[in-house]
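Structure first, commentary second.
The values are calculated or read from the model by the stated rules, or taken from the named source; none is laboratory data. Just so it is clear, the structure is predicted and the values come from calculations on it, not from any experiment. Don't worry about glycine lacking a Cβ; one is built from the backbone with ideal geometry, like all the others, and counts go over all protein chains shown. All accessible areas refer to the heavy atoms of the entire protein, side chains included, with ligands and DNA or RNA removed. Shrake-Rupley method; radii C 1.70, N 1.55, O 1.52, S 1.80 Å.
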Amino acid sequence: MSNPQMVMYDEEFKQINAVIEKLLREANSKVIFLVDKNGQLITGVGETERFDTTSLASLTAGNIAATGGLAKLIGEKEFSILFHEGEKDNLHISIVGGRVILVVLFDSRSSLGLVRLRVKKASEELTTIFSRLMQKAEEKEKSGDTDFPFAEITDDDIDNLFS
């Protein structure tokens with residue numbers, strides 16, 4: 001079976017945001033981003049306006065890809081958790097459900113132990129939501145039903161539009 005295109009539905013998007021907003025509070029973090037492995041920002045909560053979210057998303061995905069290469073060199077499948085410690089802020093980066101990247105930015109008001117504990121619980125909840133999304137995508141693919149607004153447009157339609 002092909003890997004179906006994941007489509008984000010409003011119901012799941014709200015559930016995802018509820019999970020990461022709860023994580024933001026419980027981990028006492030500053031900001032949380034959810035990024036897909038292609039570097040596209042899915043959502044963010046907290047002090048997101050402080051950041052160039054497009055760059056953060058693509059650099060995070062690149063970081064995961066680079067450390068994935070390192071993991072393979074030493075015989076590991078991947079490093080599922082990365083931690084970067086700065087003078088003021090720290091980044092906890094983890095892979096959720098093998099398909100998305102959870103980025104938690106926190107400072108001295110929190111601790112790595114607390115963040116890791118809260119991320120573990122949130123990751124389980126997010127994995128369940130993303131599994132449901134993939135199941136929906138597979139069911140729609142099997143039934144031939146698509147939610148893509150341009151699915152019925154053919155190459156001839158596009159050629160006619162520009163000629």
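Using only Cα atoms and rounding to the nearest 10 degrees, what angle (0 to 90) does helix 112-143 make with the longest principal axis of the chain?
On a 0 to 90 degree scale, this one is about 10.
Ordering M134, M8 by how much accessible area each has at a 1.4 Å probe, largest first, what is the list?
M8, M134
How much length, in nm to one decimal, is gained on full extension between S143 and N63, taken as 0.36 nm per residue of separation minus their Cα-Cα distance?
Here the answer is 25.1 nm.
Dividing the alpha-carbon Rg of the range 74-150 by 2.2 N^0.38 Å yields what?
In units of the 2.2 N^0.38 Å rule of thumb, it is 1.48.
Per residue, how many Å² of accessible area does the range 15-163 show with a 1.4 Å probe?
Each residue of the range 15-163 exposes 60 Å² on average to a 1.4 Å probe.
Would you list, by chain and number, the lysines whose Cα falls below 28 Å from the Cα of K22, excluding same-chain residues fewer than 8 positions away?
K22 reaches K14, K30, K37, K88, K120, K121, K136.
Under a crude label model (7 Å from the Cα following the beta-carbon direction), how far is Q135 from L112 in nanometres?
Here the modelled spin labels are 3.6 nm apart.
Would you work out the relative contact order for the chain, in percent, from Cα pairs under 8 angstrom that are 6 or more residues apart?
25
Going by alpha carbons, how many degrees (0 to 90, nearest 10) lie between the helix axis of 53-73 and the longest principal axis of the chain?
The answer is roughly 80 degrees.
If I stretch the segment between F51 and F162 completely, what's the gain in nm (0.36 nm per residue apart, minus their alpha carbon distance), one decimal?
Computed gain between F51 and F162 is 36.1 nm.
Leaving out ligands, DNA and RNA, what percent of the accessible area of the chain is carbon and sulfur, probe 1.4 Å?
52
For q values of 0.16 Å⁻¹, compute log₁₀ I(q)/I(0) with the Debye formula on a Cα-only model of the chain, without solvent.
Log-scaled intensity ratios, in q order: -0.96.
Picking from S111, S123, S58, whose Cα lies most toward the positive end of the charge dipole for the range 10-161 (charges on Cβ: Lys, Arg +1; Asp, Glu -1)?
S111
Would you list R118, R50 from the most to the least accessible area, probe 1.4 Å?
R50, R118
Under a plain spin-label model, where a point goes 7 Å from the Cα along Cα-to-Cβ, how far apart in nm are K72 and E87?
So the label points at K72 and E87 sit 3.7 nm apart.
Suppose only helical runs count, i.e. DSSP H with n ≥ 4. What mean residue ellipticity at 222 nm does that imply for the chain under -39500 (n - 2.57) per run, divided by all residues and rounded to the nearest 500 deg cm²/dmol?
-16500 deg cm²/dmol
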